[in-house]
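Contents: one structure, followed by commentary.
The values are calculated or read from the model by the stated rules, or taken from the named source; none is laboratory data. These numbers were taken from a predicted model, which means no experiment stands behind them. Because the Cβ atoms are built from the backbone with ideal geometry, glycine has one as well, and the counts that use them run over all protein chains shown.
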Amino acid sequence: MSQAIQGHCLCGETTITIQNGDAFQSQILCHCWDCKRTSGSAFSTNIVAPLKDTVMVGPVRTYETTGASGNPVTRSFCGTCGSALSHRSIMHGDGAAIQTGNFKYFADKPVSLEFFTKDRWSVIAPIEGAKQFSSPVLKKVGEQT
């Protein structure tokens with residue numbers, strides 16, 4: 001039986017619970033400039049979790065940007081400490097990209113995919129065994145695949 005996993009922001013005021021979270025055995029690494037700026041680092045690590053299984057409790061704030069796909073992206077962060085929590089776009093379907101750095105659970109989970117490798121910093125080596133994509137796999141809504 002799958003179990004929920006729980007993480008939290010830096011200050012601990014916002015918690016994130018993902019039902020069936022232990023079903024996630026890998027994570028995604030994104031090198032896009034938006035993820036770099038949001039994380040304050042060279043990349044971000046994420047999973048795409050179903051919205052129906054994800055609950056954030058605390059002073060969550062959001063803001064909207066336009067992603068590299070041209071689609072709107074709603075980013076969530078802790079309203080107290082500013083920790084990035086998630087981002088959501090129509091490209092995620094019924095899910096949201098959840099930042100895995102807020103969960104101890106993901107500390108030993110491998111990276112299975114890398115996105116926006118065209119923007120990877122030269123000092124960062126590709127993750128061995130991870131599928132590599134120079135841009136997002138999905139396209140802007142309305143484009144043919």
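List of remarks:
- Every residue from the stretch 95-117 that is outside any helix (DSSP H, G or I), aliphatic (A, V, I, L, M) and more than 19 Å from LEU51 (Cβ to Cβ): VAL111, LEU113
- Hits in the stretch 9-28 (condition: in a loop (DSSP other than H, G, I, E, B), out of contact with any His (no Cβ under 9 Å at 6 or more places or on another chain) and not acidic (Asp, Glu)): CYS9, LEU10, CYS11, GLY12, GLN19, ASN20, PHE24, GLN25, SER26
- Note on the stretch 1-38: residues that are hydroxyl-bearing (Ser, Thr, Tyr), at pLDDT below 95 and under 27 Å from ARG120 (Cα atoms) total 1.
- Verdict on VAL137 being at pLDDT 95 or above and part of a loop (DSSP other than H, G, I, E, B): no
- Close pairs (6 angstrom Cβ cut-off, 6 or more residues apart or separate chains): in contact (Cβ under 8 Å) with a residue 60 or more places away in the chain and under 20 Å from ILE90 (Cα atoms) in the stretch 26-51, acidic (Asp, Glu) and assigned to a strand (DSSP E or B) anywhere: LEU29/GLU114
- Criterion: more than 21 Å from PHE133 (Cα to Cα) and polar (S, T, N, Q) - qualifying residue of SER39, SER69, SER89, SER83: SER83
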